[in-house]
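The values are calculated or read from the model by the stated rules, or taken from the named source; none is laboratory data. Note that the coordinates shown come from a computational prediction; the quantities given were computed from them, not determined experimentally. Every residue, glycine as well, gets a Cβ built from its backbone with ideal geometry; the counts of neighbours run over all protein chains shown. Accessible surface areas use protein heavy atoms only, side chains included; no ligands, DNA or RNA. Shrake-Rupley method; radii C 1.70, N 1.55, O 1.52, S 1.80 Å.
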Amino acid sequence: MLDRDAVHERLQTIFPDGAPNRVYLTRMLAASTVFVALYIEAIEGGDTLLGPKHIYRMTDEQAALTDDDSRAAYATGVLRPGSAIEGQRWYQDNTREPIRDETLREGLVAIGAVSERTDLPTTSSKPRYALTPGFAALFDPALTGEDLATRIKAWRSELLNPGALARMAIVRRGAGMSDDQVLVTFPNGETRRMKPGPSSAISKAVLEVFASSYLGEPAVVFLSESGNKVVERDDELARSIGLAIQADKNLPDMILVDLKPTHPLLVFIEVVATDGPVSERRKEALEKLVAESGFPAEHVAFVTAYLDRSAGPFKKTVDSLAWGSYAWFAAEPENLIVLSQARTGLQGRP
């Protein structure tokens with residue numbers, strides 16, 4: 001058997017950045033769950049099922065006993081009231097809920113790695129979970145290197161839906177832009193090159209995907225990259241819509257305009273690879289910039305663009321996002337988070 005640390009390491013490979021509910025699938029609690037399921041042979045089609053008690057009662061001393069008799073004895077013995085397991089248990093009884101609700105139901109069951117017995121009452125304490133055979137096979141200690149990578153890829157293709165696969169691919173591609181310059185195509189077909197990195201990957205997605213999805217006739221007024229280098233600045237376009245752009249430290253990473261409405265819609269966008277969302281303070285500064293230029297405030301929208309909502313930058317900054325703004329993710333381009341009760345999308349767009 002792989003030990004718990006090795007299971008934990010392998011989960012990081014099976015569920016890379018971009019995987020739905022990745023935190024539930026890759027933390028040590030998930031590794032403990034998978035290890036114990038393998039330990040007691042709770043695999044779909046067999047006679048043994050897994051319950052939260054198997055996990056929170058496990059100890060290092062018990063996990064080290066990997067002979068068949070010890071494993072079988074633990075599988076049944078731990079369920080008996082008053083049973084004693086040698087060593088200090090991994091978790092306390094109150095870990096039952098996060099194991100059941102987060103790691104299993106919202107994580108491994110939801111993604112198809114674990115099956116659940118559905119004929120038991122929800123209040124039943126009987127074990128009801130088992131690893132699916134294909135997922136359990138990924139933890140074969142003899143499976144390494146290219147063979148492991150091939151098996152993981154095949155498992156993902158079979159079990160994960162196209163949206164989940166696409167999301168992981170986008171995140172991997174965005175996070176991996178570290179060598180070559182990023183070629184960005186503007187809404188009008190022109191191209192620019194930006195320096196490599198996650199910020200440029202997000203900017204590329206905003207210009208090539210977000211703009212055409214949420215704006216009727218998009219155009220780029222301003223675009224910068226990390227280090228405050230200006231990639232594009234169209235003063236003529238800005239003047240034509242009544243916006244005065246000044247060399248101001250308060251300029252956002254990107255300014256788009258939708259020329260289709262009778263009165264153009266101005267969209268300020270902050271690209272967040274590490275920090276710097278549209279916070280209340282940032283929104284107020286941008287609103288002041290708009291007011292000073294004479295552009296009507298009711299025709300302005302504020303968007304924070306991220307690579308993926310399961311990654312650290314969004315979790316780090318979500319509680320500082322300004323009300324009346326929006327959050328968009330390159331990995332899930334068809335969705336938009338609206339931080340307002342008054343609108344359903346940019347200027348009422350769904």
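Hey, what's the chain come to in accessible area per residue, 1.4 Å probe, Å²?
Normalised by residue count, the accessible surface of the chain is 49 Å².
Obtain the nm distance between the two label points defined at Leu183 and Asp147 by a simple spin-label model: each point lies 7 Å from its Cα along the Cα-to-C-beta direction.
4.0 nm
Taking a 1.4 Å probe, which of Asp308, Asp69 shows the most accessible area, and what order do the others take after it?
Asp69, Asp308
For each pair in Lys195/Lys288; Lys204/Lys315; Lys126/Lys315; Lys288/Lys315, compute the distance between the two Cα atoms and list the pairs where it is over 32 Å.
Pairs exceeding 32 Å: Lys126/Lys315.
Relative contact order of the chain: what whole-number percent is it, with Cα pairs under 8 angstrom and at least 6 residues apart?
13 percent
Quick one: if you stick a label point 7 Å off each Cα along the C-beta vector at Asp60 and His263, how many nm between them?
Roughly 6.7 nm, to one decimal.
For the range 35-163, just the Cα set please: Rg and Dmax, both in angstrom.
Rg and Dmax of the range 35-163, Cα atoms, are 15.4, 47 Å.
How large a share of the accessible area of the range 257-299, in percent, is made up of carbon and sulfur atoms when the probe is 1.4 Å and the other protein chains stay in place?
51 percent
Determine the share of the range 100-164's accessible area contributed by carbon and sulfur atoms, expressed in whole percent, with a 1.4 angstrom probe.
51 percent
Ignoring ligands and nucleic acids, what accessible area does His8 show with a 1.4 Å probe (Å², nearest 10)?
Probe radius 1.4 Å; accessible area of His8 about 50 Å².
Can you work out the FRET efficiency for the pair Ser240 and Asn335, with r the C-beta to C-beta distance and R0 = 35 Å, to the nearest 0.05?
Efficiency computed from Cβ-Cβ geometry: 0.65.
For Val7, Val231, give me the order by solvent-accessible area with a 1.4 Å probe, most accessible first, ignoring ligands, DNA and RNA.
Descending accessible area places them as Val231, Val7.
Report the accessible area of Lys204, computed with a 1.4 Å probe over the heavy atoms of all protein chains in place, in Å² rounded to the nearest 10.
Its accessible surface works out to 50 Å², give or take rounding.
I need the calculated FRET efficiency for the pair Gln92 and Ser213, taking r as the beta carbon distance and R₀ as 41 Å, to the nearest 0.05.
E(calc), rounded to 0.05, equals 0.30.
Could you sort Trp328, Trp323 by their accessible area in this structure, using a 1.4 Å probe and putting the largest first?
Per-residue accessible area, sorted high to low, gives Trp323, Trp328.
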